[in-house]
Amino acid sequence: MANPVTTTVDTKVPGSAPEPAPPKVRARRVGWAGTPYLFLTPFAVLFLGFVLVPAVYGIYISLRDYSFTLPNQPFVGFQNYIDLFTPGSRDFDNFWQSMAASGLFTLISVPFLIACPLGIALLLNKAFPGRTFFRAVFFAPYVLGVAVVGVLFRFLLDPTIGMVNFYLHKLGIDTVIPWTTQLPWAWISLVAMTVWWTLGFNAIIYLAGLQDIDPTLYEAGRVDGASKWQQFRFITMPGLRPVILFVLTVTILASANMFGQAYLVTQGAPDNATRTALMYIAQTGLAEYRQGMAAAMSYVLALVLVAISIINFRLFRSKEES
């Protein structure tokens with residue numbers, strides 16, 4: 001028996017009004033409207049308590065002859081800042097000498113902290129047995145605190161009882177190298193220590209950037225006959241440009257704020273040549289109890305670093321536009 005055929009009859013009368021659209025169902029909001037702000041509360045409290053309030057209070061301190069050991073902190077206006085730019089004043093020579101030391105350390109260390117991690121990241125980005133192990137090995141020193149690294153290198157580089165000079169003597173080098181007491185050895189020690197300590201962090205950042213580059217670009221380059229250097233120049237470097245900008249900015253700021261390495265290893269020797277800006281600020285505020293002047297120095301250093309960061313971003317932006 002054949003199956004009956006079912007037909008649908010259109011009952012709509014020609015020329016009649018169209019049927020109304022079904023009513024829209026509004027999604028019901030579940031929960032309290034302030035829930036997102038509740039999740040932001042921990043960050044807001046920490047930001048206010050440890051960043052914004054200290055920054056504003058630091059400006060207040062810098063405008064006074066402030067010392068927490070005295071009952072009165074007279075208002076001096078911008079006199080602390082004026083003294084820093086007045087030759088012959090108490091802090092002019094010492095502060096700008098320490099700023100020059102920070103600048104010299106930054107100028108020497110930053111190229112190594114940019115180039116060496118990039119080379120290591122290029123090697124660790126390749127597939128080979130034990131790659132994960134070597135990634136962990138290069139990153140491991142960064143986990144250590146500056147106190148641990150400083151004490152370690154203090155004993156390794158000690159001119160009289162240090163292990164470095166001991167093994168150099170075993171190799172036939174009888175000259176005692178003053179790693180921590182004379183120039184340029186003191187700067188070489190601080191730069192080598194910092195590169196060994198922080199190299200892994202920059203390498204991991206580079207490695208993350210390398211993995212974001214489309215591998216088909218390298219395949220197309222090989223098909224077109226591009227050499228390894230051409231692939232690095234025209235594919236890798238443009239792809240890493242935002243990462244390089246980030247690494248360069250962070251490295252400059254960290255190097256300019258170097259404190260623990262010099263304080264623990266060289267202690268400013270010789271003749272305060274390796275005394276950085278933060279070391280002199282700490283000495284002024286904590287040892288000499290002149291918190292007003294120390295706060296003024298901190299803001300001058302901060303403004304210099306802000307200017308350097310702005311110049312850095314503008315240079316990279318101009319290169320991208322060109």
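The values are calculated or read from the model by the stated rules, or taken from the named source; none is laboratory data. In this text the structure is predicted, and so the values were computed from the model without any measurement. Positions of Cβ are backbone-derived with ideal geometry, glycine not excepted, and every protein chain shown enters the neighbour counts. What goes into the accessible areas is simple: the full protein's heavy atoms, side chains included, and nothing from ligands, DNA or RNA. Shrake-Rupley method; radii C 1.70, N 1.55, O 1.52, S 1.80 Å.
Just a few scattered comments:
- A single entry from 282, 262, 295, 269 fulfils the requirement of being open to solvent by less than 50 Å² (accessible area, probe 1.4 Å) and not in a helix (DSSP H, G or I): 269.
- Residue identified as under 23 Å from the mean Cα position of the chain (by Cα) and open to solvent by less than 50 Å² (accessible area, probe 1.4 Å) among 149, 137: 149
- Taking region 213-237 as the range and being surrounded by 12 or more Cβ atoms within 10 Å (Cβ to Cβ) and within 18 Å of residue 115 (Cα to Cα) as the test, the residues that pass are 230, 231, 232, 233, 234, 235, 236, 237.
- Test: residue in region 197-204 that is surrounded by fewer than 19 Cβ atoms within 10 Å (Cβ to Cβ) and without any contact (Cβ under 8 Å) to a residue 60 or more places away in the chain: no
- Selection within region 213-259 - part of a loop (DSSP other than H, G, I, E, B) and either within 30 Å of residue 97 (Cα to Cα) or among the charged types (D, E, K, R) (or both): 214, 224, 257, 258, 259
- Residue ID - nearest to residue 99 (Cα to Cα), chosen from residues in region 282-302 that are free of Cβ contacts under 8 Å to residues at least 60 places away in the same chain and of a type in the set (A, V, I, L, M, F, W, C): 302
- Any chance residue 247 is among the aliphatic types (A, V, I, L, M), open to solvent by less than 30 Å² (accessible area, probe 1.4 Å) and under 30 Å from residue 159 (Cβ atoms): no
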